[in-house]
Amino acid sequence: MEHMHFPYSDLIAGYVTYYDPENDIFGIKTSDGREFDAALSHMTYAKLVQNLEEPYPDATGAMRSMLVPGRYLFSYGIFYPDSSKFEAKQIVFVGRTENDYVFEKPHWWVNQIQSVASFYLKAQFGEGEIDYRNYRTDLTLAGAKQTYNYRQETDTISRMVYGFATAYMLTGEDKFLEAAEKGSEYLREHMRFVDLDEGIVYWYHGIDVQSDRSVSPFGLREQKIFASEFGDDYYAIPAYEQIYALAGPMQTYRITGDPRILSDAELTVKLFNDFFLDKSEHGGYFSHIDPVTLDSHSDSLGNNKAKKNWNSVGDHAPAYLINLWLATGNPKYAKMLEYTFDAIAKRFPDPENSPFVQERFHEDWTADPGWGWQQNRAVIGHNLKIVWNLMRMYSLKSKDEYIELAEKIAQIMPEVGSDQQRGGWYDVVERILEPGQTNHRFVWHDRKAWWQQEQAILAYLILAGLLKNEEYLRLARESAAFYNAWFLDNEDGGVYFNVLANGIPYLVSGNERRKGSHSMSAYHSTELCYLAAVYTNLLIHKHPMDFYFKPLPGAFPDHLLRVSPDILPPGSIKIGACEINGEAYTNFDAENLTVKLPETSEQIKVKVRIVPN
């Protein structure tokens, strides 16, 4: 390409190589080894990465003394066509010393989840009663919502409930558990359908609520929407909507043991195994079924007839199934997990054709490169999500194929899926290079979505924690640095949907300008906080963590509360201490991570300290 003949601004992420005080220049080397000379000026300013609700951490006065070799930072500035130097206008440091990463402090992610959950609690319910009749799927950038004639989508409520439940597990704040319990109950009352003939539960796509005082004392008319009305899934029941309907209630079940939630989960799993499961020699789960016949082969499904995809096979584990296993210890859920991961390991890799996995399939597992918007394209986050979840499963069932595939994908992804100049991870790219191309082409843009950063952070954190690999730790830190530097909305709260490649929030229109939509609720941002805290504290830095539960009287079978925060390597953690209603309690099995609950007629608050072994 001909040399640029105009100035342009950009971001560089990398490691300081030198600082020359005489010329006020420092070197910065990117993740892939390219080095830039960056010039400072009297107007250059600096800050530290700032967590939500923290005061602005100015570092301008100490900026030059902080430019020591090996330190990771971000610098935003200008390239001029008449200079070989990059003129740095802003510097963002990721820690106070060259070996410090602020997001690895023990309470960083706990504080962040508290803020994110508080944002959604205030946006949805204000300062008054938590009433899910007031819930809105769509929220503006600042958390405002539509007043009349709105849709409540099951998945987005469930994902928000997950966020509240998870925030309670890390903070013990009762307002979050109240929101989780009321949300789970609202889903049961308004979005759940019990098919007594088939012995299954399935979940409505959502409900439309309109203002009409003639039909209700609350002035609201409710119309249930059975089949999906989202474009990719029109007039079908997609597996992923049923999967994510369980995300929030299942996390709430881990805290309270509400047997009604467990019953709903069991009957929804029965739906999956009775109607989505391919019982032929091909195996796997179909992506859609007809809303009337519950048939995956119905002609009414059109392009979704007898298809399988990442969501229908791979999303069971992170959305609800791992939590169902953790909460119950039931071997049948471990078996279902193994079944889905075996399918991923066998069917998704496509090394002869692309560095990316396949994501869309026909009934016989042949690739489906002509489906809808996806065509023959790769979602970077799905590749990373496979890595993360394979490593979780490896701690439960240590199959060689799980760890081999996880490491293979993890080693390939930085070159083909990450931005090695600016940091962060891209969205959707073409799976195949055309002749003469060296970079996989962006399908829509080079922007970066919040949820795909989550997958990268968790993938490389768990790899670093389990394998003690410094390269994986470096990639985890770089990924977490980009997310915490550019995705946190320190003005209005919450996290941005998308940022530009250079980290500036992308706020043009539609979903990408919102904090709540069909695509966004509290799920991914809070899941990241929870598991980043678990992996960083318990696996990498060996810090203890506190977790909170509030079981209903006699709710858990045999009064046994299971408190493992995630599927982690056997023997890597144990219970260090336990309290019930603020008093020390010793009836627990430290190594097996269970608490024998006392018989009581009231809901009790259990605080468990988990310590690394």
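Here are some notes:
- Test: residue in segment 132-151 that is part of a helix (DSSP H, G or I), hydrophobic (A, V, I, L, M, F, W, C) and surrounded by fewer than 22 Cβ atoms within 10 Å (Cβ to Cβ): no
- Residue count for segment 367-389, restricted to those that are of a type outside the set (F, W, Y) and touching a Leu at 6+ places or on another chain (Cβ under 6 Å): 0
- Top-ranked residue of segment 292-313 - restricted to ones that are part of a helix (DSSP H, G or I) and free of Cβ contacts under 8 Å to residues at least 12 places away in the same chain, ranked as nearest to the chain's Cα centre (by Cα): G302
- Which numbered condition E222 fails, given (1) under 19 Å from Q152 (Cβ atoms); (2) in contact with a Phe, Trp or Tyr (Cβ under 8 Å, 6 or more places away or on another chain): (2)
- When segment 501-556 is filtered for residues that are among the charged types (D, E, K, R) and either modelled with pLDDT under 95 or open to solvent by less than 30 Å² (accessible area, probe 1.4 Å) (or both), the ones remaining, listed by number, are E512, R513, R514, K515, E527.
- The number of residues in segment 355-368 that are in a strand (DSSP E or B) and open to solvent by 10 Å² or more (accessible area, probe 1.4 Å) comes to 3.
- The one condition in (1) out of contact with any helix residue (DSSP H, G or I) (no Cβ under 6 Å at 6 or more places or on another chain); (2) within 22 Å of L390 (Cβ to Cβ); (3) of a type in the set (S, T, N, Q) that Q453 fails to fulfil: (1)
- Only residues that are under 17 Å from P355 (Cα atoms) and surrounded by fewer than 24 Cβ atoms within 10 Å (Cβ to Cβ) were counted in segment 369-378, giving 5.
- Note on segment 564-585: among residues that are among the hydrophobic types (A, V, I, L, M, F, W, C) and under 20 Å from E602 (Cα atoms), the one that is most open to solvent (accessible area, probe 1.4 Å) is A584.
- The residue that is most open to solvent (accessible area, probe 1.4 Å), among those in segment 91-108 that are over 13 Å from K47 (Cα atoms) and within 25 Å of the chain's Cα centre (by Cα), is H107.
- The set of residues in segment 479-491 being in a helix (DSSP H, G or I) and either surrounded by fewer than 24 Cβ atoms within 10 Å (Cβ to Cβ) or of a type in the set (A, V, I, L, M, F, W, C) (or both) consists of A480, A481, F482, A485, W486.
- The one condition in (1) surrounded by 18 or more Cβ atoms within 10 Å (Cβ to Cβ); (2) touching a Lys or Arg at 6+ places or on another chain (Cβ under 6 Å) that A88 fails to fulfil: (2)
- Strands (runs of 3 or more DSSP E) fully within segment 183-288 counting 2 or more residues that are crowded, with 20+ Cβ neighbours inside 10 Å and either touching a residue at least 60 places away in the same chain (Cβ under 8 Å) or touching an Asp or Glu at 6+ places or on another chain (Cβ under 7 Å) (or both): 200-203, 206-211
- Any hit, segment 51-60, residues being in contact with a strand residue (DSSP E or B) (Cβ under 6 Å, 6 or more places away or on another chain), free of Cβ contacts under 8 Å to residues at least 60 places away in the same chain, open to solvent by 50 Å² or more (accessible area, probe 1.4 Å) and not aliphatic (A, V, I, L, M): yes
- Per the listing L433, L473, L396, the residue uniquely assigned to a helix (DSSP H, G or I), out of contact with any strand residue (DSSP E or B) (no Cβ under 8 Å at 6 or more places or on another chain) and at pLDDT 95 or above is L473.
- Restricting attention to segment 314-336 and to residues that are on the phi < 0 side of the Ramachandran plot and not in a helix (DSSP H, G or I), the residue that is most open to solvent (accessible area, probe 1.4 Å) turns out to be N330.
- Residue count for segment 499-519 satisfying the condition of being among the hydroxyl-bearing types (S, T, Y) and either in contact with a Cys (Cβ under 6 Å, 6 or more places away or on another chain) or free of Cβ contacts under 8 Å to residues at least 24 places away in the same chain (or both): 2.
- Of all residue pairs spaced 6 or more apart or on separate chains, those with beta-carbon atoms under 8 Å, a first member in segment 161-179 that is within 12 Å of S118 (Cα to Cα) and a second member that is of a type in the set (A, V, I, L, M) and outside any helix (DSSP H, G or I) are G163/A522; F164/A522; K175/I130; A179/I130.
- Among residues of segment 81-96, those that are modelled with pLDDT under 95 and of a type outside the set (D, E, K, R), counted: 3
The values are calculated or read from the model by the stated rules, or taken from the named source; none is laboratory data. Predicted, not measured: the structure shown is a model, and the values here were computed from it. Here Cβ is always computed from backbone atoms with ideal geometry, including for glycine, and neighbour counts include all displayed protein chains. The protein model used for the area step is the full one, side chains on, heavy atoms only, and it has no ligands, DNA or RNA in it. Shrake-Rupley method; radii C 1.70, N 1.55, O 1.52, S 1.80 Å.
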